[in-house]
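Before any comments, here is the structure.
The values are calculated or read from the model by the stated rules, or taken from the named source; none is laboratory data. Please read all numbers here as calculations on a predicted model, not as lab measurements. All Cβ positions, glycine included, derive from the backbone under ideal geometry; neighbour counts span all protein chains shown. SASA here: full protein model, heavy atoms, side chains in, ligands and nucleic acids out. Shrake-Rupley method; radii C 1.70, N 1.55, O 1.52, S 1.80 Å.
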Amino acid sequence: MIGITRRRLLQIGGLGLFALPSLLAASESPRRRRARSIIFLHQYGGPSHLDTFDMKPDAPAEVRGQYRPIASSLVGVPICEKLPRMSRVMDKVTLVRTVRHEMRNHNSAGYYSLTGVAPPTDDQRLRDSRELFPAYGSVVDRFAPAPAGTPTFVSYPYVISDGSITPGQHASFLGPQYDPFFMREDPNSDDFRLPELSLPANLSADRLGNRREVLGIIDRGTELLEFSARARGIYTYYQRALTMLTSPAFRRAFDLSAESPALRDRYGRNTYGQGCLLARRLVEAGVKFVTVYYAATIGGQSFTSGGWDTHGFNNNPMYPILDRYLLPHADHTLPTLLEDLQSRGLLDETLVVWAGEFGRSPRINNMAGRDHWPQCYTVLLAGGGVRRGHVHGASDRFGAYPGRDPVRPEDLSATMFHLLGIDPHAEVRDTLNRPLPVSPGTVIQGVLA
C-alpha cells in the first residue's frame, strides 16, 4: 500500500471496500502530470462566442452584430474590440472554438459544463441530487488529493441556480467527504474573512488533538459547514476541521490585504475580480481545483449583476449589458490573472479554463439579443500543459456549427483530468454500484503542449 496516505485510508473507510482496488491502482500507477492545479472560471448564462473570441465580420449584420474585430498578440486571430487588454495576452491561450452538445436549458447544460457528463434529460427542471455525476474538483479530490493540510477542491462565492439549484456543484455519489470547501463570503468586502479559520482564544494547540473538543467548537461556531459530523462521516469532518483550523498556508491565502492595492485594482474591485485573485492565492497554497462562479444567476437583464444570458428580455437589449458590464469584467480580470500567474512562474503548472454552459445564437433575435446555442461555442484554456497561441477547430461561416474538429464537454473533462495526471478512464461507482469512467470523453491531443 505504498503511496496511500492516512487521509486516503480514512476516505476509503467512508466509501466502502469497493473503492480500494481503484485507489490502489491510481496510487501505484502514476500518470504524467502536466498541471498542478486548475482554476475553472464558470461563466454562468453562456457568453456569446460571436461577440468575444469567434467573430464573423463578413457575415450578415444580424449575425456579425455591432462589434468589430481587433488584432491580437496571436497573429491572424482577431478578437472583439471590447477586449483590448485580452487581445495582448492571446499568445498565451488556446481557443477551442468547436465545443458542442445538445442541452438548451441552463440547469442541464450547466450540469454538463460542471461535470463533463451529459444529464439524463435536457430539462430546466433537472434537480440537484446525490444520484447525478460529481463535480470535476470532487473527482480530483478522489484520485489526486492535495497534500495534508490543504483542501483539494474549493468553490465560491455562489451556489448557482436557475429556478432551482444547478446540479454538478458537489461530490454527488462520491460522498460528502469529497464536497468542495465552499464559501459564500464576498472576496471584495472590506471584512472578507473565514470565521472558521480563527481559533478561539482559549484553545491551545495541544487541545486540537482532542477530536471531541474540535468537533464541539465546529458545531458551536461554524457557519459554513451546513451538515453534521454524522452526515459527512466522523473522520472526514474531523480532518477538515483540523485543516481549516491549523493550516497557516491555507489561512494566509484568504488575506487579500497582503496584496498590493495596485494589483487588486488590476484584478477589479468587484466580487469576480477579487475572487480570481483569491484563486491565484489558493493554488499557491496547494489547492488543486478552484471553481470561481462568475454569477449566481443567469442574468442578462442588469448592468451590475448576473450572468451572460443576453436574450434581450424585458426591453434589456444585449449590447448595452455587454458594453457596460460583462465585457469590461472579462477584459479587466482574465488577462490580469494570466499575467499574474505568468509573473509568478505559476502559469505553466496552472490550467485556467474560461467556459460557460453554451454559446449564443448566430442570429440576433427580435429582442436585440442572442438565444441559447449549444451547437457550437468557444472555451478558452491557458497554461497547465496546453499550447500557447493556438486555435483548435473552426466553426462554420456563421459560427453556428463546427466546421472541423468538434469537441464535446466530456472531451474537455478528459483533457483536464489527463493534464492533472488522472486517468480519464479510471472508474467510480454510482449509488447503484455501477462502474463509470470519470470521463466518457477523449483527450483533445491537439491542444496539448
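Side notes on the structure shown:
- In sequence order, region 437-442 has phi-based couplings of x, 5, 9, x, x, 10 Hz under the Karplus curve 6.51 cos²θ - 1.76 cosθ + 1.60, θ = phi - 60°, and Gly or Pro positions carry x.
- Spatial extent of region 388-449: Rg and Dmax, with the Cα atoms as the point set, Å: 14.6, 46
- Accessible surface comparison of Phe313, Phe289, probe 1.4 Å, protein chains only, largest first: the order is Phe313, Phe289.
- All distinct Cα pairs of region 147-195 go into the 1/r average, and the inverse of that average, the Kirkwood radius, is 12.6 Å.
- Note, ³J(HN,Hα) from phi for region 363-376, Karplus 6.51, -1.76, 1.60, rounded to Hz, x at Gly and Pro: 8, 6, 7, 7, 10, 6, x, 10, 8, 4, 8, x, 5, 6
- Panel values: region 53-141, Kirkwood radius from alpha carbon pairs, Stokes-Einstein at 20 °C and 1.002 mPa s, translational diffusion coefficient 134 µm²/s.
- Counting charges near Gly359 (Lys, Arg +1; Asp, Glu -1) among other residues having Cβ under 11 Å from its Cβ returns a value of 0.
- Viscosity 0.890 mPa s, temperature 25 °C, Stokes-Einstein D of region 291-449 from Kirkwood C-alpha radius, µm²/s: 138 µm²/s
- In terms of accessible area, using a 1.4 Å probe and ignoring ligands and nucleic acids, Arg397, Arg388, Arg97 rank largest first as Arg397, Arg388, Arg97.
- Across the alpha-carbon set of region 239-319, the Rg to Rh ratio works out to 1.12, Rh being the Kirkwood radius.
- Area of Ser189 that stays accessible when all protein chains are in place (1.4 Å probe, Å², to 10): 40 Å²
- Look at where the Cα atoms of region 148-195 and of region 115-130 average out, and the two centres are 19 Å apart.
- Cα radius of gyration and Dmax for region 64-206 (Å): 20.2, 65
- For region 234-391, the carbon plus sulfur part of the accessible surface works out to 50%, probe radius 1.4 Å.
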